[in-house]
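Novice: Submitted below is the structure of interest, expressed as structure tokens.
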There are 2 protein chains.
Amino acid sequence: MSDTPLAADPPPYFRAHVFVCCNRRQDGHPRGSCAARGSEKLRDYMKVRAKELGLKDVRVNQAGCLDRCEFGPTMVIYPEGVWYRPETPADVDEILEAHLQQGGRVSRLMLTEKDVPPPKSK
Amino acid sequence: MSDTPLAADPPPYFRAHVFVCCNRRQDGHPRGSCAARGSEKLRDYMKVRAKELGLKDVRVNQAGCLDRCEFGPTMVIYPEGVWYRPETPADVDEILEAHLQQGGRVSRLMLTEKDVPPPKSK
């Protein structure tokens with residue numbers, strides 16, 4: 001094997017890497033989906049606002065299904081692994097400013113370990 | 001502001017969260033794209049193999065453009081923020097086994113801080 005020790009890891013490429021779930025299921029699916037809940041517009045807004053704020057070391061990407069659909073629209077910010085459920089552009093602004101600019105958290109929008117999907121029925 | 005201290009962060013939702021760039025640019029684009037370099041098949045393979053290996057605390061997702069196109073197909077694993085450039089299913093197997101199962105690294109496939117795109121021409 002070509003393992004190397006963790007100490008050899010390169011420095012972070014992005015200070016913060018945001019992934020916005022943009023998965024879309026068919027209408028009527030019992031779990032719904034983040035795109036059906038409006039995540040694509042929030043992703044677009046967040047990309048534009050991050051640029052306007054000059055957050056050059058922050059990357060905002062869309063992602064496939066993050067599997068917390070019931071709580072969507074969902075996003076996760078790494079490396080800290082903090083999840084949010086923004087519903088409006090104002091929510092996105094608050095995450096950009098409080099979390100990504102100031103290094104804090106927006107507790108009212110955070111998902112916790114209690115926010116898990118119901119067990120699969122099959 | 002509704003900031004909360006970092007100590008209040010919930011535990012990690014996934015032990016490892018893999019994002020495989022599946023962005024596709026038009027043919028002939030000077031930067032190319034990960035999808036044009038075959039990333040979608042590698043994503044599909046990695047999802048299937050991760051399930052077969054029983055890696056239930058590992059999530060494999062597609063992502064939009066990770067902006068390291070020149071080195072694609074690219075993927076990044078969080079929270080550690082380690083980037084890889086697998087070219088074949090065998091490369092994906094090595095990442096699954098050495099990194100995601102054993103907690104090591106596959107140094108020959110890792111991107112480093114030297115792997116940056118050329119400056120934008122406009």
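The values are calculated or read from the model by the stated rules, or taken from the named source; none is laboratory data. Given the structure is predicted, the values throughout are model-derived calculations rather than measurements. No Cβ is skipped: glycine too gets one built from the backbone with ideal geometry, and neighbour counts run over all protein chains shown. Just so you know, the surface numbers come from the protein's heavy atoms only, side chains and all, with ligands and any DNA or RNA stripped out. Shrake-Rupley method; radii C 1.70, N 1.55, O 1.52, S 1.80 Å.
Novice: Name the residues in segment B:13-27 that are crowded, with 16+ Cβ neighbours inside 10 Å and either part of a loop (DSSP other than H, G, I, E, B) or without any contact (Cβ under 8 Å) to a residue 12 or more places away in the chain (or both), would you?
Specialist: B:Tyr13, B:Phe14, B:Cys22, B:Asn23, B:Arg24
Novice: Which numbered condition trips up B:Met1, out of (1) at pLDDT below 95; (2) under 21 Å from B:Pro86 (Cα atoms); (3) at the interface with chain A (Cβ under 8 Å from one of its Cβ atoms)?
Specialist: (2)
Novice: Condition test on A:Cys69, is it crowded, with 23+ Cβ neighbours inside 10 Å, away from chain B (no Cβ under 11 Å) and farther than 21 Å from B:Ile77 by Cα?
Specialist: Answer is no for this residue.
Novice: Here's something else I'd like to know. Which of (1) in contact with an Asp or Glu (Cβ under 8 Å, 6 or more places away or on another chain); (2) closer than 21 Å to A:Arg25 by Cα; (3) within 11 Å of chain B (Cβ to nearest Cβ); (4) open to solvent by 40 Å² or more (accessible area, probe 1.4 Å) is the odd one out, the single condition A:Val116 does not satisfy?
Specialist: Against the list (1) in contact with an Asp or Glu (Cβ under 8 Å, 6 or more places away or on another chain); (2) closer than 21 Å to A:Arg25 by Cα; (3) within 11 Å of chain B (Cβ to nearest Cβ); (4) open to solvent by 40 Å² or more (accessible area, probe 1.4 Å), A:Val116 comes up short only on (1).
Novice: Examine segment B:41-55 for a residue that is of a type in the set (Val, Ile, Thr), assigned to a loop (DSSP other than H, G, I, E, B) and more than 12 Å from every other protein chain (Cβ to nearest Cβ), and state whether such a residue exists.
Specialist: no
Novice: Could you list, in sequence order, the residues of segment A:84-104 that are within 13 Å of the chain's Cα centre (by Cα) and open to solvent by 10 Å² or more (accessible area, probe 1.4 Å)?
Specialist: A:Arg85, A:Glu87, A:Asp91, listed by residue number.
Novice: Find all pairs meeting these conditions: Cβ atoms under 7 angstrom apart; at least six residues apart or on different chains; first residue within segment A:62-74 and within 15 Å of A:Glu87 (Cα to Cα); second residue open to solvent by 10 Å² or more (accessible area, probe 1.4 Å) and β-branched (Val, Ile, Thr).
Specialist: Cβ pairs passing all conditions: none.
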